[in-house]
Amino acid sequence: MSLRDDNLGNIDGGTFDVVVVGGGINGAVSAAALAGRGISIAVIDRADFASATSQESSNLVWGGFKYLQNYELGLVAKLCRSRNRLMSAYPTRITELPFLATLDNSAPFPSWLAALGTVGYWGIGRFATRPPRFYRRRSIGEIEPIVRGDTADAAVEYGDAYLKDNDARFVWGFVRSALDRGATAANYLELDDASWDGAGWDLTLRDVETGRRLTARAGALVNAAGPHVDRLNDRWGVQTEHRIVYSKGIHLVVPRLTDSERVLAFFDDTQRLFYVIPMAQRSVIGTTDTRTTDPDEGITDDDRYFLLKQINARLNLAQPLAIEDVISERCGVRPLVVPDDGEDRTEQDWTSLSRKHEIEIDTDRRVVTVFGGKLTDCLNVGEHVVDAVGELGVDVETSNDHWYGEPSSKERRKFLKAAARVGLAVPPQIEREDTLAAVLWRRHGRAAEAIVAAVADDPSAAGPVLADSDIVRAELALYAEREMIVRLDDFLRRRTKLAIVHRPADLAADPGLDEVRAALNVD
């Protein structure tokens, strides 16, 4: 029986203190935080975990330098503290990078003010990153030859951080943490109906894969449905003081544009920041910021051409980037929180809205709603949800057991030594990391010890299962046993970043894909 089957069995007919609806970053981190405090919980998602907005981010973990434009100093300070916590808790997964911001005639402020802003940002971030630097036009080409200096006034460089693996895998880590602490979780499980009887919620659920009907009982609900929170609250009769508006962002993944390990930042023609972000052997260009009313809106040709036009105008390229150069695309709708005050906000400058979060509690119907938020702020979201659930009367344990973070550096060193003994201390094929062993630890933590054992028994298990990748054969058993993979795309797009950094046709033609399907028992 699979991990998912076991969890479906636990959900059906089960009673929980809290059921978390939505398995994106807000739902996953809420589940981990609640489980870490001894609360009986289940987390469900109608698709795969992190399959909506949470798989479409920039992979940046940052304090929100751009929010200084709107003088949101409190928010920037809060996000910088969150960034610093994440960097400390996940030292192999979240890494500091330099951000080089080029200032040309599209910048909304002069270069001296940008330089002053980077110093202020460094200070607000409690000097946890490298000191900022200022470059005049003549120096830009020396430090980053691909950036056009002829149209630039100056550049500033400051430190922030990014995820070395993809965002969706980071989200899955919180689901796995919740499971390890006794939680129940299931993907592809849709909430068909929720009925409040004055004392709790009777839930009717549907297994999307089989059509099977399940029931469960919840003392309280956490609405963490991201762009769909308003729709669920309307169904449940929950009244709130906030609501969601939508901003669509896209990224284009192209062949690596520069060998430097830094993020390049530019202002587009609408004075919005966009970036060139390193991802293994690729570069990720984005993001845009387009108002939409459809949380499921996809990418359009206008989106593609706008972003390509912006980057082509700012880089020294042998040939301008064209649609044919795009390896994959990412398109997500950000849920931005606004007051539900009856005002028509269609004419509001939504680009001034930040990615802050709001937590609301409906004590009468025992529902906690998470509005907005972003990956950088996730630990705060989890802790605030625990506090909110406690206000509903749920018994919350006081615990010193951290519900987040990587194993200790001592454990990591022990693993790396064991991995070296079986031949895993070799340069990785794709990832920019010291050794393949370091990549495996970053992805799996303590569970990677099973890979070392498998390679010790069969050295061929250390070989890549797919060409041009660092996914080794010995990993497949871990993915199958521990990661609740139901469909091939769960593996290619979310538990790994293979579908982000490879063209679909190349993946489909790889003979190793049949081995992956067989190991994971997916079509």
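Quick notes on this one:
- Residue 446 paired with residue 508, simple spin-label distance in nm, labels 7 Å along Cα-to-beta-carbon: 4.2 nm
- Near residue 390: Cβ cut-off under 13 Å, other residues only, Lys/Arg at +1 and Asp/Glu at -1. The net charge is -4.
- If the chain linking residue 300 and residue 468 were pulled fully straight, counting 0.36 nm for each residue of separation and taking away their Cα-Cα distance, it would gain 57.5 nm.
- Taking the average, over residues, of other Cβ atoms within 10 Å as the packing measure, peptides 23-32, 318-327 rank 23-32, 318-327 from highest down.
- Shape category assigned to the stretch 262-331 from the gyration tensor of Cα positions, a/c cut at 1.5: prolate
- Part-to-part distance (alpha-carbon centres) for the stretch 269-305 and the stretch 101-180, which is given in Å: 17 Å
- Cα-centre dipole for the stretch 123-223 with unit charges at Cβ (Lys and Arg positive, Asp and Glu negative), debye to 20: 540 debye
- Only Cα pairs under 8 Å and 6+ residues apart enter the sum, and on that basis the relative contact order of the chain stands at 19 percent.
- Likely footprinting exposure, 87, 484, fewest C-beta neighbours within 10 Å first: 87, 484
- Computed [θ] at 222 nm, deg cm²/dmol, the chain (DSSP H ≥ 4; -39,500 (n - 2.57); rounded to nearest 500): -9500 deg cm²/dmol
- Which of 500, 342, 484, positive extreme of dipole for the chain (C-beta unit charges): 500
- Only beta bridges with both residues in the chain are counted; by DSSP, about 75 percent of them are antiparallel.
- Using the Cβ-Cβ distance between residue 458 and residue 217 with R0 set to 45 Å, the FRET efficiency works out to roughly 0.45.
- Within the stretch 409-520, all pairs of alpha-carbon atoms sorted by distance into 5 Å bins from zero give the percentages 2, 12, 23, 25, 20, 12, 4, 1, 0.
- Ranked packing of 439-448, 116-125, most packed first, by mean Cβ within 10 Å: 439-448, 116-125
- Nearest-0.05 FRET efficiency for residue 146 and residue 234, computed from C-beta distance (R0 41 Å): 0.25
- Positive minus negative residues near residue 364 (Lys, Arg vs Asp, Glu; Cβ under 15 Å): -3
- Stretched out straight at 0.36 nm per residue, the stretch from residue 391 to residue 429 would grow longer than its current Cα-Cα span by 8.7 nm.
- Peptides 367-376, 170-179, 266-275, 243-252 ordered by packing proxy, namely the average of other Cβ atoms within 10 Å per residue, highest first: 367-376, 170-179, 243-252, 266-275.
- Net charge dipole size for the chain [Lys, Arg +1 and Asp, Glu -1 on Cβ; Debye, nearest 20]: 1900 debye
- Inter-part distance where the stretch 54-81 and the stretch 212-243 are each reduced to a Cα centre, Å: 27 Å
- Note on residue 324 and residue 204: with the Förster distance fixed at 56 Å, the Cβ-Cβ geometry gives a FRET efficiency of about 0.70.
- Beyond 26 Å in Cα-Cα separation lie the following of the pairs 78/248; 66/410; 374/497; 164/414: 66/410.
- Only Lys, Arg, Asp and Glu carry charge here, each on its Cβ (+1 for the first two, -1 for the last two); on that basis the stretch 409-520 has a dipole of about 600 debye about its Cα centre.
- Proximal charge balance of residue 314 [Cβ under 14 Å; K/R count +1, D/E count -1]: -2
- Whole-number percent relative contact order across the stretch 409-520, with pairs defined as alpha carbons under 8 Å at least 6 apart: 20 percent
- Note on residue 316 and residue 112: the model spin-label points, each 7 Å out from Cα along the C-beta direction, lie 2.9 nm apart.
- Residues in the stretch 406-414 carry Karplus couplings, in order, of 7, x, 5, 5, 4, 5, 5, 4, 4 Hz; the curve used is 6.51 cos²θ - 1.76 cosθ + 1.60 with θ = phi - 60°, and Gly or Pro positions show x.
Rule-based calculations on the coordinates, nothing more; no lab input. Computed from a prediction, not measured in an experiment: that's the story for all the values here. FYI the Cβ positions are ideal-geometry reconstructions off the backbone, even for glycines, and counts take in every protein chain you see.
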